[in-house]
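Okay, structure first, notes after.
Any read-out appearing in this document is the output of simple, stated calculations on the displayed coordinates, not a laboratory observation. All of these numbers come straight from a predicted model, not from anything done at the bench. Cβ placement follows ideal geometry from the backbone for every residue including glycine, while neighbour counts extend to all protein chains displayed.
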Amino acid sequence: MLKALGIENQVISMTTDTAANMKNGVIVHMAPQIQWLGCGCHKTELTVQKFVNTPGLKETLKRFTKVAGHLHKSALSLGAFFEAQKSCR
């Protein structure tokens, strides 16, 4: 594709996802001066997904979300929650 666009000598690096086949494709099939860079956003997304899929974490987050939703809708419960927080200090 770079040859078809006439830019094969102008590209100095390519950024792709971090899949081994993408890295291999750039390193093996491109000109030696083209450097492969793994996408930082993709690496971050994979790290977050791995963290969120930790056993028990999804269920814990679901429960916290449910409690937060309830406190947001109920002024009485929110007041009791704040009082309970004060007594724990």
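Odds and ends about this structure:
- Region 1-29, subset in contact (Cβ under 8 Å) with a residue 24 or more places away in the chain and out of contact with any strand residue (DSSP E or B) (no Cβ under 7 Å at 6 or more places or on another chain), residue farthest from Glu45 (Cα to Cα): Leu2
- Some residue of region 54-62 being out of contact with any Ser or Thr (no Cβ under 8 Å at 6 or more places or on another chain) and at positive phi: yes
- Among helices (runs of 4 or more DSSP H) entirely within region 3-89, having at least 1 residues that are loosely packed, with under 12 Cβ neighbours inside 10 Å and under 29 Å from the mean Cα position of the chain (by Cα) singles out 20-29, 40-52, 57-73.
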